[in-house]
Amino acid sequence: MFETINSYLLVILPVLLAGVGYLIKHFFFSEKKEENTPNKEKLPMSTKEEPNIYELRQKIKILFIDDDTKFQTAKMLKNSGWQNTNIIKDCKNLNSAEILETDIFFVDIHGVGLELGFSDHGLGLAAALKQKYPEKKVVIYSAEKQWDPFHKTWDLVDDRLPKDADTYQFETTIESLLLGE
């Protein structure tokens, strides 16, 4: 009888130990394995950003408001993949379809905002755009190097650039605004 019990123990004991080992491995080590397995949510930013930027280049609408409608940076951004990039001479109406559809505004400081009667030109226009549409991004740019540092618009807009910044700087600004960097 003890021989039968011993033979059962020799068979049952390894099966029980294997089951316990499986459970330990499954519950304690599988979570760590999943944490180390790359997936969409856990990819490092550098690999995750690339597809998002390419998708955003097709979706995001960028509008330059500049009295110089031949401003080359707008054309260069469009050529570099920001497909929905346009430029207008001035803003005639803050409720126009063109304004409502835009995600990111680049507003020149001088020579714009006149059609809406802003005495401080582009600074007034930029402030109005940001106040009316706080979810939209507004960037001010200008060829003038002496900007009024105390103007209220600086506290409202999302960024500023010199007009002679290269296209890469404009593109980097767009990407950081979109990705929240």
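The values are calculated or read from the model by the stated rules, or taken from the named source; none is laboratory data. Source: prediction; values computed, not measured. Please note: Cβ atoms are built from the backbone with ideal geometry, for glycine as well, and neighbour counts cover all protein chains shown. Ligands, DNA and RNA are stripped out before the accessible areas are found, and what is left, the full protein with its side chains, is counted by its heavy atoms. Shrake-Rupley method; radii C 1.70, N 1.55, O 1.52, S 1.80 Å.
Can you give the FRET efficiency to the nearest 0.05 for Thr172 and Ile24, using r as the Cβ-Cβ distance and R₀ = 35 Å? For Thr172 and Ile24, the calculated efficiency is 0.10. How much FRET efficiency would the formula 1/(1 + (r/R0)^6) give for Glu101 and Tyr54, where r is the Cβ-Cβ distance and R0 is 35 Å, rounded to 0.05? Taking R0 as 35 Å, the efficiency between Glu101 and Tyr54 is 0.95. Could you check how much of the accessible area of region 61-115 is carbon and sulfur, as a whole percent, using a 1.4 Å probe? Within region 61-115, the accessible surface is 47 percent carbon and sulfur. Computed in the context of the full set of protein chains, the accessible area of region 122-181 at 1.4 Å probe radius has 50% of its extent on carbon or sulfur.
With a simple spin-label model that places each label point 7 Å from the Cα along the Cα-to-Cβ direction, the separation between Lys92 and Lys152 comes to 2.8 nm. Taking each of Lys70/Lys145; Lys61/Lys92; Lys75/Lys145; Lys59/Lys152; Lys92/Lys130; Lys89/Lys145 in turn, the alpha-carbon distance tops 26 angstrom for Lys59/Lys152.
When you count the other C-beta atoms within 10 angstrom of each residue and take the mean per peptide, 123-133, 97-107, 154-164 line up highest first as 123-133, 97-107, 154-164. Fully extending the segment from Leu116 to Asp68 would add 15.5 nm, taking 0.36 nm per residue of separation and subtracting the current Cα-Cα distance.
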